[in-house]
Each structure stands twice: as structure tokens, then as C-alpha cells.
Amino acid sequence: MPEDRPPHPPFTLETARQKVQAAEDAWNTRDPHRVALAYTPDSRWRNRDTFLTGREEIVAFLTAKWEREQEYALRKSLWSFDGNRIAVRFQYEWHDADGQWWRSYGNELWEFDERGLMRRREASINDVAIDASERRIHGPRPVAEAGVDIPLA
């Protein structure tokens, strides 16, 4: 049976929002194998200056990422959508091995196949050092905050 990951394109406002929330929820598990299942087996990525192809490379990349980016917590917001493409902006917070906290700001462009699997992901990300007292993302999004947009800065 072929893999299937609803909702499927073409996206509506409602289904695009569902796709974004599902991605946020999955990434907040910090489980590379679970996250990789949302992508086609030959998915192509650009993450900052790193280029990946396929689930095995995605799993290896995410495993190293979450070893380095400790206590990672993410928020995503829908920016735009059309047909089988979605654009999101996101922020996540994490600390390094020395205890320095960071807020990472970024944008992603996603393209999906007809089964709802992401076949292309392009991410541009910038990191800003923050004090622990400046944190505003503490774990996965509470249900009461579903659909709440993330601030610009």
C-alpha cells in the first residue's frame, strides 16, 4: 500500500494550516525517524547551507541537529499556499552544550506530492543568541495556542 499523509494537495486554508500544525507537532517530538516519514523517500532538502536527498540523510541530519540543539522547541506559522506548495515562517529556541540559549528564525518552502508527502523543503535560518530570561517557547505548543501567529521579533 502506498504511503499516504493527509491532508493532500491542492490545499485550502484549512488543510494548509493542518499541514503546518502537523509538521510543528512532529518536529517537536525530536524523533528523526517519525519526522522523516512525512517526506518522500527521495525528498530533496536545503537546510541553510546543507543539501540532503532521501530519508536516510534526513534522519542522520536531524539526529545530529537535535544532539546539538538541546531542548529544541518550535513554532510554525502559515505564510502562504497554492496548489501543492506551502510557505511557512518559524522560530525555535534551543541551547547549546555550553548553556547558551538561541532563537532561530526562518522561512521554509514546501512542495508535496499527490499523497501529501513533502518532496522538497528549502529552509533559510538565522540564529540569535538570547538570555534564558528572553525565552518565549517552552516545549510543544499548548492546545490553547493553536493557530496563534508567532511574533516577528
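The values are calculated or read from the model by the stated rules, or taken from the named source; none is laboratory data. All values reported here derive from a predicted model rather than from experimental measurement. Methodologically, a virtual Cβ is constructed for each residue, glycine included, from the backbone with ideal geometry; neighbour enumeration extends over all protein chains shown. For the accessible areas, the whole protein counts, side chains as well, though only heavy atoms, and no ligand, DNA or RNA atoms are used. Shrake-Rupley method; radii C 1.70, N 1.55, O 1.52, S 1.80 Å.
Summary of computed values
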| quantity | calculated |
| --- | --- |
| For the chain, with +1 on Lys and Arg beta carbons and -1 on Asp and Glu, the positive-most of SER124, HIS8, ALA97 along the dipole | HIS8 |
| Relative contact order [Cα under 8 Å, 6+ residues apart], the range 50-117, whole percent | 25 |
| GluC sites (Glu not before Pro) lying in DSSP loop within the range 30-129, provided at most 12 other Cβ fall within 10 Å | GLU114 |
| Relative contact order for the range 1-97, counting Cα pairs under 8 Å that sit 6 or more residues apart, in percent | 28 |
| Solvent-accessible area per residue, Å², over the range 84-153 with all protein chains present [probe radius 1.4 Å] | 53 |
| Convex hull (Cα only) mean projected area of the range 43-153, reported in nm² to one decimal | 7.7 |
| Helix-derived mean residue ellipticity, 222 nm - over the chain, DSSP H n ≥ 4, -39500 (n - 2.57), to 500 | -7500 deg cm²/dmol |
| The chain, accessible surface, carbon-and-sulfur percent (1.4 angstrom probe) | 53 |
| For the range 80-140, the Rg and Dmax computed from alpha carbons only, in angstrom | 14.9, 44 |
| Accessible surface, per residue, of the range 1-57 when the full set of protein chains is kept, probe 1.4 Å, Å² | 61 |
